[in-house]
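Have a look at the structure below before the remarks.
The values are calculated or read from the model by the stated rules, or taken from the named source; none is laboratory data. Just so we're clear, the structure is a prediction, and the values are computed from it rather than from any experiment. Don't worry about glycine lacking a Cβ; one is built from the backbone with ideal geometry, like all the others, and counts go over all protein chains shown. Note: areas computed on protein heavy atoms with side chains; ligands, DNA, RNA excluded. Shrake-Rupley method; radii C 1.70, N 1.55, O 1.52, S 1.80 Å.
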Amino acid sequence: MLTYWIPESPCTLPPNASHQVGIGAFVLNDKRQVLAVQEKNGPLRGSGIWKMPTGLINQGEDLCHGAVREVKEETGVETEFLQVVSFRHGHHVSFSKSDLYFTCALRPLSCEILLQDNEIEAAKWMPLDEFRNQSFFRKNSARRKMLELSIACFDGEYVGFKARKLLSSSLAQPTQYFFHE
């Protein structure tokens, strides 16, 4: 980004984009099967690990719509956004940027998987116990907690943040707000 600050005062433009926003979509069907994927090109490529669909939110895209879009792109499964289950704020992630990562609960509206073969090696509906018993979750307390909260959400034992479009006095268009109801 090339900038030139014209006023005779200190420049207040940010040096560049400082954050990226990512989602993990936990999709659980009525048979207690998790929609699971294996990466073709990401950091887990070739590891044998099954994970939830993940991705980055596009500029100008609402978090809810981005979560639904990522699941559809990677697996072809139609979903409905339910709630934000958890989030983390990490630093020095991709390109040394900070990262906001939201785990979202989504309800499947279809079940047929149509694999996106440029990013995803494999996708399937996986029994919940098999999914949660992978060392990927068992040996990492943050991933384990995120998964436990996601399951508790579907079991009615935990309520995350639900999205509502509201008008803000500082913004021209309604925007997504997330809160407990």
### Debye intensity ratio in log₁₀ form over the Cα atoms of the stretch 114-181, taken at each q of 0.12, 0.13, 0.18, 0.29 Å⁻¹
-0.58, -0.66, -0.89, -1.17
### Task
Any chance you could run the full-extension gain for Trp5 through Glu181? It's 0.36 nm times the residue separation minus the Cα-Cα distance, nm to one decimal.
58.9 nm
### Task
From the C-alpha gyration tensor of the chain, pull out the three semi-axes of the equivalent ellipsoid (sqrt of 5λ each), sorted largest to smallest, in whole Å.
32, 20, 16
## Note on the structure
Within the stretch 30-45, the residues whose backbone N lies under 16 Å from a label point placed 7 Å from the Cα of Cys111 along the Cα-to-Cβ direction are 30-36
### Rel. contact order, % - alpha carbon contacts under 8 angstrom, at least six apart, the chain
23 percent
### Task
Note down the net charge around Tyr158, summing +1 for each Lys or Arg and -1 for each Asp or Glu among other residues with Cβ under 14 Å from its Cβ.
-2
## Note on the structure
Given 20 °C, 1.002 mPa s and a Kirkwood radius over Cα pairs, the Stokes-Einstein diffusion coefficient of the stretch 65-124 in µm²/s is 165 µm²/s
### Relative contact order computed over the stretch 1-100 (Cα-Cα under 8 Å; 6+ residues apart), in percent
26 percent
### Accessible area per residue, Å², the stretch 2-159 with all protein chains present, probe 1.4 Å
58 Å²
### Task
For the chain, with a Gaussian network of springs between Cα atoms less than 10 Å apart, report the residue from Ser86, Ser94, Ser170 with the top mean-square fluctuation.
Ser170
### Förster radius 30 Å - calculated FRET efficiency between Ser98 and Leu166, Cβ distance, rounded to 0.05
0.70
### Task
Above 15 angstrom, tally the Cα pairs of the stretch 7-97 and express them as a % of all pairs, no decimals.
68 percent
### Task
Would you work out what percent of the accessible area of the chain, with all protein chains in place, is carbon or sulfur (probe 1.4 Å)?
53 percent
